[in-house]
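**Q** This is the structure I want to talk about, given as structure tokens.
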Amino acid sequence: MTVFGNKAAGFDRPAQLPCDDDEHRRWQIANRDWWEAAPMRYDWRAELRQTPGTEAFFAEIDRRFLEAAKCFMPWRNLPFETVIPFDQLHDRDVLEIGVGHGTHAQLLARRCKSFTGIDLTTAAVRMTAQRLRLFGLPGRVLQMDAENLAFPDRSFDFVWSWGVVHHAADTRRVLKEAYRVLRPGGGCTAMVYYRSWWNYYVFWLLRGLLQGQWRSPHHVSQSGTDGALARYYKPGEWRAMAHGLFNVEAIEVYGLKSDIVPLPHSRLKDVLMCLIPDAVARFLARHLRMGSLLVVQMRKPVSA
């Protein structure tokens, strides 16, 4: 099990929001510092040897990310085509909240009317802007806080965010801003972490037995999760979070193969994961709700 440090002090419940402005400020500073120091490059266990900013560098990041994603969300033509309406974006203005190293930016920028990506960190903005330049793709990438977007009301038709908004100091503020900048009828799709009976609670029990450390499920999950803080939601909690803003059209559970095998990272775990067919892993993650990801599709009311 990878152990992550430098967690936000006072974050003690799985879907907790800050209690006051001071706590919000401290969490946001911790958040920015964490991601500046450890950009999302999928290099926790294997170092990236390619020169940063090169085609080979981006290709290796994409390989690591998309290889895992294809197991739980297979595609025929384009990655994430089941949750991103690529065929509808040619005349749409698209905003991505949290660009990472630009895998989704590259997919979106070549297929929409206009692409804008934002991120809290200089590292992500620099690398994603470099990726768009390298591949000759249109779009702008800006350093910006998703809780305070510097765009006019009703600027975008579609907002996309993968694995980001649950790390924000205040996820509700992010949703309010996404709502504000969306045009009426616009869509918003986000992936956040799911507090499943298996991946959250059974893994906690097994980690306690294996490691002899008995802490709350929340603190065990935080130690094994990237970011200064990471919220884990139940579907009902997310619906409550979006209430008064978006119509929630769908909430689906997904999961990595690693979610299914309740062991720390090891050769044994790798072998067991290889023995599980992708289709079986998808069934367990989605239908038995053993996965750790919630993909939420929402829409701003036409009348808003």
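**Q** Treat every Asp and Glu Cβ in the chain as -1 and every Lys and Arg Cβ as +1, leave all other atoms uncharged, and give the resulting dipole magnitude about the Cα centre to the nearest 20 debye.
**A** Using Cβ point charges on Lys, Arg, Asp and Glu, the chain gives about 460 debye.
**Q** For region 103-226, report the convex hull volume of the alpha-carbon atoms normalised per residue, in Å³, without decimals.
**A** Values: hull volume 17.1 nm³, N = 124.
Cα convex hull per residue, to the nearest whole number: 138 Å³.
**Q** How much accessible area per residue does the chain have, in Å², with a 1.4 Å probe?
**A** For the chain, the solvent-accessible area averages 46 Å² per residue.
**Q** Also, I was wondering about something else. Once amide H atoms are placed 1.01 Å from N in the peptide plane, what residues at a sequence separation of 5 or more from T225, or on another chain, have their amide H within under 5 Å of its amide H?
**A** So T225 has HN proximity to F4.
**Q** Would you work out if region 219-304 is rounded, prolate or oblate? Take a ≥ b ≥ c from the square roots of the eigenvalues of the alpha-carbon gyration tensor; rounded if a/c is under 1.5, else prolate when a/b is larger than b/c, oblate otherwise.
**A** Verdict is oblate for region 219-304.
**Q** Report, to the nearest whole %, how much of the accessible area of region 163-304 belongs to carbon and sulfur atoms, 1.4 Å probe, protein only.
**A** 60
**Q** While we're here: Give me log10 I(q)/I(0) at q = 0.15 Å⁻¹ for region 42-119, Debye formula, one equal scatterer per alpha-carbon, no solvent.
**A** Results for region 42-119 at q = 0.15 Å⁻¹ read -0.60.
**Q** Taking the Cα atoms of region 1-72, report the difference between the largest and smallest coordinate on each principal axis, in whole Å and largest first.
**A** 44, 28, 19
**Q** Summing -39500 (n - 2.57) over the DSSP H runs of n ≥ 4 in the chain and dividing by its residue number, what mean residue ellipticity at 222 nm do you reach, to the nearest 500 deg cm²/dmol? Please list the in-between numbers first.
**A** Working: 11 runs with 112 residues, N = 304.
Helix-only estimate at 222 nm: -11000 deg cm²/dmol.
**Q** Three principal axis extents, largest first, for the C-alpha atoms of region 139-200, in Å?
**A** Extents along the principal axes: 42, 26, 23 Å.
**Q** Rank V248, V192, V125 by mean-square fluctuation in a GNM of the chain with C-alpha springs under 10 angstrom and give only the top-ranked residue.
**A** Judging by the Gaussian network model, the answer is V248.
**Q** Carbon and sulfur: what percent of region 1-107's accessible surface (1.4 Å probe)?
**A** Carbon-and-sulfur percentage of accessible area, whole number: 48.
**Q** Another question, if that's okay. Quick check: net charge around V164, other residues with Cβ under 10 Å of its Cβ, Lys/Arg +1 and Asp/Glu -1?
**A** Charge balance near V164 sits at -2.
**Q** Counting pairwise Cα distances across the chain, what percent come out greater than 23 angstrom? Display every interim value, and only then the final one.
**A** Numbers: 26067 of 46056 pairs.
Roughly 57 percent, rounded to a whole number.
**Q** Using only the C-alpha atoms of region 1-142, find the volume of their convex hull and express it per residue in Å³.
**A** Expressed per residue, the convex hull around the Cα atoms of region 1-142 is 149 Å³.
**Q** Okay, moving on. For G255, what charge total do you get from the other residues with a beta carbon under 14 Å from its beta carbon, if Lys and Arg give +1 and Asp and Glu give -1? Show your work: numbers first, answer last.
**A** Numbers: positive: K70, R195, K257, R282, R286, R289; negative: E252, D259, D278.
Within the 14 Å Cβ shell, the charges total +3.
**Q** Residues of region 284-298 with backbone nitrogen within less than 16 Å of a virtual label 7 Å along the Cα-to-Cβ line of D278, please, listed as ranges.
**A** 284-286
The values are calculated or read from the model by the stated rules, or taken from the named source; none is laboratory data. The model shown is predicted, which means the values in this text are computed figures rather than measured ones. Note that we place each Cβ from the backbone using ideal geometry, even for glycine, and neighbour counts take in every protein chain shown. Note: areas computed on protein heavy atoms with side chains; ligands, DNA, RNA excluded. Shrake-Rupley method; radii C 1.70, N 1.55, O 1.52, S 1.80 Å.
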